[in-house]
Amino acid sequence: MASRRDVRLRELIQQLGEAIHESVIESEQIAGVVQDIRKHGFDVLLMLEATIGLNEVTEDEAASDQLADGAGDSGPFTHSDVNFLRSLRISVEGDEEQNGGESGNDEASSS
């Protein structure tokens, strides 16, 4: 049997999906590009897939993230934010000390 927490989480994920859908529908930029494609003689079928990842935050992590907000070594980013950015090969200012002083991506990303 699903707990109330699980049911509420499913509802929130459903709301997020609906919000993303509404954002795409209401986007003037997307509508403009679709219209341009149609002017070139093509019909457009737009299908998007969203992957939503959730990580349960413990009370200790939540407290340390709140303390780090705007004042920690990582600036306004939580530890999870920095790890995510690193996975995309995006360096964070002030993160060089944690990476052993590597800053090779800075020049490549500024072009």
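The values are calculated or read from the model by the stated rules, or taken from the named source; none is laboratory data. Since the model is a prediction, treat every value here as computed from it, not as a measurement. Every residue, glycine as well, gets a Cβ built from its backbone with ideal geometry; the counts of neighbours run over all protein chains shown.
Summary table
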item: Filtered residue count, the stretch 20-49, keeping only those that are under 30 Å from Ser80 (Cα atoms) and loosely packed, with under 10 Cβ neighbours inside 10 Å; result: 3
item: Every residue from the stretch 50-70 that is among the small types (Gly, Ala, Ser), part of a loop (DSSP other than H, G, I, E, B) and modelled with pLDDT under 80; result: Gly70
item: Residue within the stretch 71-90 that is exposed (fewer than 10 other Cβ atoms within 10 Å of the Cβ), acidic (Asp, Glu), assigned to a helix (DSSP H, G or I) and at pLDDT below 80 present; result: no
